[in-house]
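The values are calculated or read from the model by the stated rules, or taken from the named source; none is laboratory data. No experiment lies behind these values; they were computed from the predicted model shown. Here the Cβ is made from the backbone with ideal geometry for all residues, glycine too, and neighbour counts use every protein chain on show. Keep in mind that these areas ignore ligands, DNA and RNA; they rest on the heavy atoms of the full protein, side chains included. Shrake-Rupley method; radii C 1.70, N 1.55, O 1.52, S 1.80 Å.
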Amino acid sequence: MANERSAEPTDERIGCKRVEFLARAGEAFDQMFGADGQNGLVTFQQREDRACQVGDELTRWLMAEHLELDPLGGASVEQDCPICGGPVRYESAGQAELELRQFQTRRGKIEYRRAAARCPRCRKIFFPA
Ligand SMILES: [Zn+2]
């Protein structure tokens, strides 16, 4: 019964994410080292600022992508609307709507798309627990 939720092979999605991450890590490396190993960074402060900046970008990307792959984010919904109490039933993630969410992490703000449920009674959108 594993992975019955999605027709997309998880291995393939993870593989694509890894390729994208490695490309981003390569860009981060280049922003730090450039072609000459220094990239114009002279002081300790400049080196620290750049290292933190490119590292934080990678951290935020990892967080956002990890959240988007959360299987709970695409699961079927069977709960009562938290706003009006009406019943909400989705059989699959395909019936849900994708909403852009923002979240403040220790390394800055991230945005990610998450499956949301719309209550048929009050028409409000909520994120299934
Ligand atoms: Zn409702």
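Out of the residues in region 107-118 that are open to solvent by less than 20 Å² (accessible area, probe 1.4 Å), modelled with pLDDT under 90 and not hydroxyl-bearing (Ser, Thr, Tyr), state the one that is nearest to the ligand (Cβ to nearest atom). Only one residue fits best here, namely Ala117. Of all residues in region 107-129, those that are farther than 14 Å from Gln79 by Cα have Cβ atoms under 9 Å from Cβ atoms of residues that are more than 8 Å from the ligand (Cβ to nearest atom) and among the aromatic types (Phe, Trp, Tyr), 6 or more apart or on another chain, in Lys109/Phe103; Ile110/Trp61; Ile110/Phe103; Glu111/Phe103; Tyr112/Phe103; Arg114/Phe127; Ala115/Tyr90; Ala115/Phe127.
Being hydrophobic (A, V, I, L, M, F, W, C), under 12 Å from Phe127 (Cβ atoms), within 14 Å of the ligand (Cβ to nearest atom) and at pLDDT 80 or above is the requirement here; does Val88 meet it?
Working: hydrophobic (A, V, I, L, M, F, W, C): yes; under 12 Å from Phe127 (Cβ atoms): yes; within 14 Å of the ligand (Cβ to nearest atom): yes; at pLDDT 80 or above: yes.
Against the criterion (hydrophobic (A, V, I, L, M, F, W, C), under 12 Å from Phe127 (Cβ atoms), within 14 Å of the ligand (Cβ to nearest atom) and at pLDDT 80 or above), Val88 qualifies.
Scanning region 7-18 for residues that are open to solvent by less than 100 Å² (accessible area, probe 1.4 Å) and part of a helix (DSSP H, G or I) yields Thr10, Arg13, Ile14, Gly15, Cys16, Lys17.
Okay, residues lined up against (1) under 13 Å from Arg114 (Cα atoms); (2) open to solvent by 60 Å² or more (accessible area, probe 1.4 Å); (3) at pLDDT below 95:
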site	(1), (2), (3)
Ala28	no, no, no
Thr43	no, yes, no
Leu58	no, no, no
Leu69	yes, no, yes
Ala75	yes, no, yes
Asp80	no, yes, yes
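Every condition in (1) at pLDDT 95 or above; (2) among the aliphatic types (A, V, I, L, M); (3) assigned to a loop (DSSP other than H, G, I, E, B) is met by Ala23 except one, and the failing one is (3).
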